[in-house]
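Here's the structure we're looking at; comments come further down.
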Amino acid sequence: MDEELEQLRVTAEDAREEAAALAAERDALAAELAHRTARLRETELRLQRREEAAKAARAALPVQAALDDRMQATEQSAATEELRVAMEELQVLAEELEESNTALAQANAELERRVEARTTELAALNARLRDSEERLRLAQRHAGAATWDWDIAADRFTWSEEYFDLCGLDPRTATPSRDTWLESVLAKDRKGVAAALEICLRHRDPDFQAEYRIRHSRRGERWLASRGRLVCDEHGDPVRLIGLNIDITDRKQAELALAETNETLRQEMAEEVKAREAAQARLFQAMKLEALGQLTGGIAHDFNNLLCVIVSGISLMRRSEDPVWRESLLSAMEQAAHRGSDLTRRLLTFARRQSLRPEPLDLRAWLEDVRELLARSLRGDIMIEIAAPEDLWPALADPGELELAVLNLAVNARDAMPKGGTLRLSVANAELDGLSDPDGLEGPFLHLSVQDDGTGMTPEVLERAFEPSFSTKEMGRGTGLGLAQVYGFARQSGGAARASSTPGQGTLMTLLLPRAAALPHAGAKAALPAEPARSAQGGARLRLLLVEDDEDVARLTAEMLRHLGHEVARVESGPAALKALRDGLKADLLLTDVVMPGGQDGLDLVRRLEEERPELPVLLYSGYGGAPRRVAATGLLLLRKPFTLEQLDRALTAAHARAHRHQSPQP
């Protein structure tokens, strides 16, 4: 609107200048015409005076009169010519004056027309401007908005009428200025508003924004949002800041109410989550107690059966002198003890406390070796099929625990095929993607699958297949630890166990085992010799220091060591062992339990021995599966409880030989 008014003003000024030029041209022509007219009148007067003088002369001198008449005629002819020329020039001037008057009249008419048109247009624009201003005023009043204008160069503020009302200021006493504006802002917001204005001016930020509170004289505390536009000159210096203030109190109150509501909801959600977690904890506790009851019931049943064999066998041995009968009883008791040890290993494996000894395995050869074991465990109506590619990667797994896991899967498959069938064992390479794998596994793995064509499992049974103590077998037929052991072994090995099944079509169980870097070199020696050594040091007795806190275990272990021909000294704890060695006890090897009471276990003793007696060989033994990383970090051999006389002999020989190799100078 301002630009249109300015354009009208410039146009009117141009028209005035054009009319003034035409008037000046007309005045010049009129002055020239008046000058020529005056000269013409002077010529006429001279001619008239000459004619009168000639007449008087002719009357006085007739001859002279004739001469004068002739001269007068000549002069009159010249004057007439001069008069004619003057008349022609006067006529030209009159015509030019007429043309100028006509042009001036046309110019005046055009000017009047253009001025009238511009005046009409200006009146319309003024009406539109007044209408826009009125609408803006109404919009500002209803929107709670007000405009302001700061002439930075002159430091002059201009506020609209709505600004005074919006800020609660009296236009009769309040002078628009920067200080008046900042003083209207509450003290707690004043510093931030001044900083925002300073940043806008210093950084030439074209957009000025600020939100602050004021104390309105009639409405109390109000929130205002100030938005402005910075205008700079051709040098980039600020010259003007124009803006708008809006009352945002309702929005701020709504935001505050929303924040309070969100906080209330957050607290309620936190309380609800806490209540749910407590309920879930109670539910999990109940489920754990139920599972523990089922687990302990099954384990107690199996252990009672094993103990029944052992106790009954001992009772019968005391009443029988028949060596054949006694040997049969001993064999049954030994088998029961091994079954108890196997059950303990399954428990520890599921709890992921059984320390594994992974090693590179050629699963092609391993599956062929395990075929005979599976054949003895299955019925004659079940066929065994094995499929393995030639380019199979080596797997990294504990061979003993892997054998137990596959045996558990085979036994489950046998029970699912009461009328016979086919057991298929297959293995394949697999490159897993951590983003798509359900267990998040990534990298090279091997799929070891055990598949049957038996009765299969329902979705409900399949969902609980790996749960401990869960079993579909009738009471007394198992503890439900078979698949739990498989799952625990797979997870502890760094892989996973998965199951899929269709009722009436069979079940597919898959173990995912990590890939090994390479297979061991041919002829590499095992950690423990395959054949039991007759004795250490070429038949010479070893002086052994036994560290065991349990009296019964210590007594039987010492008897086994003496039976192997060794000299045994026994202490109850690690500190006692260190004291005995400091007091001068001679020992060729120290045999210690890993778990002992008193705050210092066998691994703590090993650490102290590395400082005080680094040359002394140590053999660890334990029935507890905890701290596998700590055990592995020592680099020592670990003998698992329970152990036979032969296993104890092999372990002693290997531990002493290993220490001797480490202490011998290298060639």
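The values are calculated or read from the model by the stated rules, or taken from the named source; none is laboratory data. Worth saying up front: this structure is predicted, and the values here are computed from it rather than measured. For neighbour counting, all protein chains shown are included, and Cβ atoms are generated from backbone atoms with ideal geometry for every residue, glycine included.
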Name the residue, out of Ala291, Ala275, that is at pLDDT 80 or above, more than 30 Å from Gly228 (Cβ to Cβ) and either assigned to a helix (DSSP H, G or I) or not assigned by TED's automatic domain parsing to the domain that holds Leu638 (or both).
Ala275
Only one of Ala225, Ala210, Ala254 is of a type in the set (A, V, I, L, M), on the phi < 0 side of the Ramachandran plot and part of a helix (DSSP H, G or I). Can you tell me which?
Ala254
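Across region 494-518, which residue is surrounded by the most Cβ atoms within 10 Å (Cβ to Cβ) among those that are of a type in the set (Ser, Thr, Tyr) and closer than 14 Å to Thr455 by Cα?
Selected residue: Thr507.
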Is there any pair with a first residue in region 188-207 that is more than 19 Å from Ser177 (Cβ to Cβ) and a second that is part of a loop (DSSP other than H, G, I, E, B) whose Cβ atoms are under 8 Å apart and which are 6 or more apart or on different chains, and what are they?
Ile199/Asp205; Arg204/Gly236
Here's a check for you: in region 22-42, which residue that is hydrophobic (A, V, I, L, M, F, W, C) and more than 14 Å from Ala105 (Cα to Cα) is farthest from the chain's Cα centre (by Cα)?
Leu40
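Does Leu620 count as within 16 Å of Leu544 (Cα to Cα), modelled with pLDDT under 90 and touching a helix residue (DSSP H, G or I) at 6+ places or on another chain (Cβ under 7 Å)?
For Leu620, the condition - within 16 Å of Leu544 (Cα to Cα), modelled with pLDDT under 90 and touching a helix residue (DSSP H, G or I) at 6+ places or on another chain (Cβ under 7 Å) - is not met.
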Residue that is farthest from the chain's Cα centre (by Cα) [pool: residues in region 149-202 that are small (Gly, Ala, Ser) and assigned to a helix (DSSP H, G or I)]
Ser184
Between residues in region 412-434 that are β-branched (Val, Ile, Thr) and residues that are crowded, with 19+ Cβ neighbours inside 10 Å and in a helix (DSSP H, G or I), which pairs lie under 6 Å by C-beta distance while being six or more apart or on different chains?
Val427/Leu363
Only one of Ser436, Ser426 that is part of a strand (DSSP E or B) and in the same structural domain as Arg414 (by TED's automatic domain parsing)
Ser426
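How many residues are assigned to a strand (DSSP E or B) and in contact (Cβ under 8 Å) with a residue 24 or more places away in the chain if we restrict to region 228-251?
Here the count works out to 13.
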